[in-house]
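Here's the structure, in structure tokens; my notes come after.
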Amino acid sequence: MGVSTSSPEKGISVVTVDFPPVNALPVRGWFELADALRAAGRDAEVRCVVLAAEGRGFNAGVDIKEIQREGGSALLGANSGCAEAFAAVYECEVPVVAEVHGFCLGGGIGLVGNADAIVASDDAVFGLPELDRGALGAATHLARLVPQHLMRALYYTSRTATAAELHRHGSVWRVVPRDELRSAALELAREIAAKDGRLIRLAKAAINGIDPVDVRRSYRFEQGFTFEANLAGVADRVRDTFGQDSREDSR
């Protein structure tokens, strides 16, 4: 359990997240992920990183129960950890291919929105349930996946979009059956890793340099409203309903 790194092929590093049962990362998990991504990018032998996950889904965001249990310290930690992990994807010295299956929610959108390419299984869904969790943020990254008005509708409603829908918008490179996901992600990573190592790093820096949005600053601006919601008591009120529907359904 945690974050691990493997090297299945020359020039490719796979960073895998595994926090059962749903990959809702605790504070330490976000920082571990950031460290692993940065370390992989610094490795001179690596030319492409694949970001993957074990279990039922790619990422379910932050561990809400940890925040409910520990309060403000966990909230501060989660906000800082998310910011670092998202930035580590974006600032990784080599391209990052996100390998997405199942659900990609909340913080997961921050990760894939900052990735260089996305390969998804046909069961993958993407969304920001932040308003249902007493939080705000990652609209910065959702806006990199879908057009502006769709981003707003998805954000306000907490609905999800399928991998096929994102493929139509051009943000998902390929959609494949679940059992073909790893091979499809490695196929793209292999093509990238075949390029000259120095040149691919220069290409990553150049593309980031012409990005019209400063994703780190934009996301931190959003996070300020999460703090405002917490100070106003709105966040706690909404967060306290987390899981309530499922408990009622089980009665």
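The values are calculated or read from the model by the stated rules, or taken from the named source; none is laboratory data. Because the structure is a prediction, the values reported are computed rather than measured. FYI the Cβ positions are ideal-geometry reconstructions off the backbone, even for glycines, and counts take in every protein chain you see.
With (1) over 22 Å from Cys104 (Cβ atoms); (2) modelled with pLDDT of 95 or more; (3) in contact with a Leu (Cβ under 6 Å, 6 or more places away or on another chain) as the list, and Ala205 as the residue in question, which single condition is left unmet?
(3) is the only condition that Ala205 fails.
Give me a count of the residues in the range 1-15 that are touching an Asp or Glu at 6+ places or on another chain (Cβ under 6 Å) and buried (at least 16 other Cβ atoms within 10 Å of the Cβ).
1
Within the range 61-78, can you find the residues that are more than 23 Å from Ala124 (Cβ to Cβ) and surrounded by 21 or more Cβ atoms within 10 Å (Cβ to Cβ)? Give the steps one after another, and end with the answer.
Keep residues of the range 61-78 that are more than 23 Å from Ala124 (Cβ to Cβ), which gives 65-78.
Once the filter is applied, which keeps residues that are more than 23 Å from Ala124 (Cβ to Cβ) and surrounded by 21 or more Cβ atoms within 10 Å (Cβ to Cβ), the range 61-78 yields Ile67, Leu75, Ala78.
Looking at this structure, is Phe58 at pLDDT 95 or above and crowded, with 22+ Cβ neighbours inside 10 Å? Explain how you work it out, then say what you get.
Values: at pLDDT 95 or above: yes; crowded, with 22+ Cβ neighbours inside 10 Å: yes.
Against the criterion (at pLDDT 95 or above and crowded, with 22+ Cβ neighbours inside 10 Å), Phe58 qualifies.
Restrict the check to the range 238-249 and report whether at least one residue is crowded, with 19+ Cβ neighbours inside 10 Å and either among the polar types (S, T, N, Q) or in contact with a strand residue (DSSP E or B) (Cβ under 8 Å, 6 or more places away or on another chain) (or both).
no
Among the residues of the range 1-46, what is the count of those that are within 14 Å of Val89 (Cα to Cα) and either over 16 Å from the mean Cα position of the chain (by Cα) or charged (D, E, K, R) (or both)?
Final tally of qualifying residues: 8.
Touching a strand residue (DSSP E or B) at 6+ places or on another chain (Cβ under 9 Å), on the phi > 0 side of the Ramachandran plot and modelled with pLDDT of 95 or more: does that describe Ser183?
Working: touching a strand residue (DSSP E or B) at 6+ places or on another chain (Cβ under 9 Å): yes; on the phi > 0 side of the Ramachandran plot: no; modelled with pLDDT of 95 or more: yes.
Answer is no for this residue.
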